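Below you'll find the structure, written out as structure tokens, and then a few comments.
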Amino acid sequence: MREKDIHLFWESKCLGRIRFESTDGQVVIIKDFGTLNKGQGPDFSNAHVQINGIDFFGSVEIHIETKDWYRHSHQWDECYHQVVLHVVWVSNSTIQVLGRNIPEIELSSYFSVNDLHKTKIYDAVDFPCLDRITTVGISHELKKQQLELASILHLDQKVKYYLN
């Protein structure tokens, strides 16, 4: 498992689930999962999270396990002061920013590793336009990003279909 797998899973909106319970028992409702940050700083920005009925707007940081927060020295980085939610696969500690505990969701309490890997569906999806995007001038990275985006949209459509 890689942190990038969890990013993709979060970005795909966790198979339609928006209600969670934090590791300390608070009700967490995801109003907006945020926007993936491809640069420095927290993983997702502009998120809207409701915790015990109170709205929070800020960033979401994602790790495989809680202790990665400290391994990456986020406690010393001002960019992480606006984190309103920590999302991990395995919770094994607590984190604080400016003396306050940051609510944390442990995804492995809700999903299996198989669920996590369903977001990698773009490898198995037949995109009719795939042959046409080999045009000179389009970088491999851009093609990969477009396929990832298309797969997320494809997965989102399937989730909505099955939920209905």
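The values are calculated or read from the model by the stated rules, or taken from the named source; none is laboratory data. Just so we're clear, the structure is a prediction, and the values are computed from it rather than from any experiment. Quick note on the areas: whole protein, heavy atoms, side chains included, nothing else; ligands and nucleic acids left out. Shrake-Rupley method; radii C 1.70, N 1.55, O 1.52, S 1.80 Å.
Data table
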item	result
Links that overshoot a 25 Å alpha carbon limit, given the list Lys31/Lys158; Lys118/Lys160; Lys67/Lys158	Lys67/Lys158
Viscosity 1.002 mPa s, 20 °C: Kirkwood-radius Stokes-Einstein D of region 1-47 over Cα pairs, µm²/s	182 µm²/s
Solvent-accessible area of Tyr70 with every protein chain in place, 1.4 Å probe, in Å² to the nearest 10	80 Å²
More than 11 angstrom apart: percent of Cα pairs within region 38-83	69 percent
Solvent accessible area, Å² - His154, 1.4 Å probe, full protein context	50 Å²
